[in-house]
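To start, the structure under review is shown below, and the notes come after it.
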Amino acid sequence: MRTMLTIASGLLLGSVALAADLKLSDPTGDDNGPGSYTYPTDPAYIKGCFDLTGVEIKTKGKEVEIAVTFNKNIEDPWESAKWQGNGWSVQMVQLYVDTDHKKGSGFTEALPGMNVKFGADEGYEKVVIISPQPTNKMQQEIDQKAAKLKSAVVLPKKYQVKGKTIVATVAVADLGTPAASWGVQALVGSNEGYPEKNVVFARKVNEMEGPHRFGGGCDYEGDPGFLDCLAPPAKGDKAEADVQHNALKAYKCGPNPADNALAVVPMVYGK
């Protein structure tokens with residue numbers, strides 16, 4: 001589905017996309033994945049802390065600032081400074097970018113642990129991982145568990161935490177110059193410091209929630225590994241929650257891997 005982003009600046013000239021700042025919104029109260037997910041029981045997971053409300057992408061010279069805003073203030077209950085982290089503890093965001101909207105271009109399967117894919121004409125060329133984990137540890141995870149996607153991964157140069165917002169800064173040389181025609185998707189999950197062997201720092205979903213496990217899914221492989229995401233047209237309307245739920249609940253998860261199927265998440269496009 002091709003939809004319009006809110007564009008702070010930038011124009012299209014013929015078929016050439018000029019630089020643009022992008023602003024996307026998401027409704028509150030939809031931090032439940034396919035509609036059934038529940039939070040872990042440990043008090044570190046404050047209700048609403050995974051509830052995405054907005055994403056802004058701005059070009060500043062040779063850098064791109066990506067601001068991700070939530071429904072609650074960003075907290076650091078596990079004291080990230082003690083493990084060379086980035087100033088918060090709980091959330092992890094993966095920002096997928098389709099720069100060309102061409103069938104057969106880019107990657108269609110998300111990073112290990114997300115358990116979703118994108119449409120054939122909505123493959124991503126870049127994915128920015130916004131994580132509290134140190135950059136060197138994140139790079140090791142990518143090298144070991146997602147080597148085939150390594151060329152797409154962009155790791156931020158620096159972070160700032162401002163109330164409800166995490167601001168990640170990446171190099172234009174690594175991501176590209178944001179354009180109005182880009183497709184964007186942000187998957188909001190939880191940082192897992194001790195991930196399983198086939199997962200990149202993502203907290204898993206089970207049938208029943210636990211101190212550090214989400215509930216409302218199944219105990220086999222295949223649950224979408226995040227609680228919130230953008231939904232077209234990314235204006236923040238309540239109806240977008242239904243778009244998210246309908247897309248994510250299409251997955252199949254059970255004891256026979258041959259019967260499982262990944263949910264397909266939509267990109268949000270400008271023109």
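Candidates are the residues of region 107-153 that are free of Cβ contacts under 8 Å to residues at least 60 places away in the same chain and touching a Pro at 6+ places or on another chain (Cβ under 7 Å); the one that is surrounded by the most Cβ atoms within 10 Å (Cβ to Cβ) is ALA146. For region 35-47, the criterion of being closer than 26 Å to VAL154 by Cβ, small (Gly, Ala, Ser) and touching a Gly at 6+ places or on another chain (Cβ under 8 Å) is met by no residue. Of all residues in region 205-230, those satisfying the criterion of being within 29 Å of SER105 (Cα to Cα) and either part of a loop (DSSP other than H, G, I, E, B) or not charged (D, E, K, R) (or both) are GLU221, GLY222, ASP223, PRO224, GLY225, PHE226, LEU227, CYS229, LEU230. Restricting attention to region 154-168, the residues that are part of a strand (DSSP E or B), farther than 13 Å from LEU95 by Cβ, touching a strand residue (DSSP E or B) at 6+ places or on another chain (Cβ under 6 Å) and in contact (Cβ under 8 Å) with a residue 12 or more places away in the chain total 3.
I'd like the full set of residues that are more than 28 Å from ASP121 (Cβ to Cβ) and surrounded by fewer than 18 Cβ atoms within 10 Å (Cβ to Cβ), limited to region 165-190. The answer is THR165, THR169.
Per-residue answers, yes or no, for (1) assigned to a strand (DSSP E or B); (2) free of Cβ contacts under 8 Å to residues at least 60 places away in the same chain; (3) among the hydroxyl-bearing types (Ser, Thr, Tyr):
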{"residue": "ASP30", "(1), (2), (3)": "no, no, no"}
{"residue": "PRO34", "(1), (2), (3)": "no, no, no"}
{"residue": "THR41", "(1), (2), (3)": "no, no, yes"}
{"residue": "VAL68", "(1), (2), (3)": "yes, no, no"}
{"residue": "ILE74", "(1), (2), (3)": "no, no, no"}
{"residue": "GLY85", "(1), (2), (3)": "no, yes, no"}
{"residue": "SER89", "(1), (2), (3)": "no, no, yes"}
{"residue": "LYS102", "(1), (2), (3)": "no, yes, no"}
{"residue": "SER105", "(1), (2), (3)": "no, yes, yes"}
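Remark: pairs (first residue in region 211-224, under 11 Å from THR38 (Cα atoms); second residue among the polar types (S, T, N, Q) and assigned to a strand (DSSP E or B); Cβ separation under 6 Å; 6+ apart in sequence or on different chains) = GLY215/THR38; GLY216/THR38. Tallying residues that are crowded, with 24+ Cβ neighbours inside 10 Å and in contact with a Pro (Cβ under 7 Å, 6 or more places away or on another chain) within region 205-229 yields 2.
With respect to TRP78, is the statement that it is in contact with a helix residue (DSSP H, G or I) (Cβ under 8 Å, 6 or more places away or on another chain) and part of a loop (DSSP other than H, G, I, E, B) true? Considered against the rule, which asks whether it is in contact with a helix residue (DSSP H, G or I) (Cβ under 8 Å, 6 or more places away or on another chain) and part of a loop (DSSP other than H, G, I, E, B), TRP78 comes out as no.
Candidates in region 43-66 are the residues that are within 21 Å of ALA168 (Cα to Cα), small (Gly, Ala, Ser) and not in a strand (DSSP E or B); of these, the one that is farthest from the chain's Cα centre (by Cα) is GLY61.
Bear in mind that the values in this text are calculations on the coordinates, not laboratory data. The structure displayed is predicted, hence computed values, not measured ones. Cβ coordinates were reconstructed from backbone atoms using ideal geometry, including for glycine residues, and neighbour counts include every protein chain displayed.
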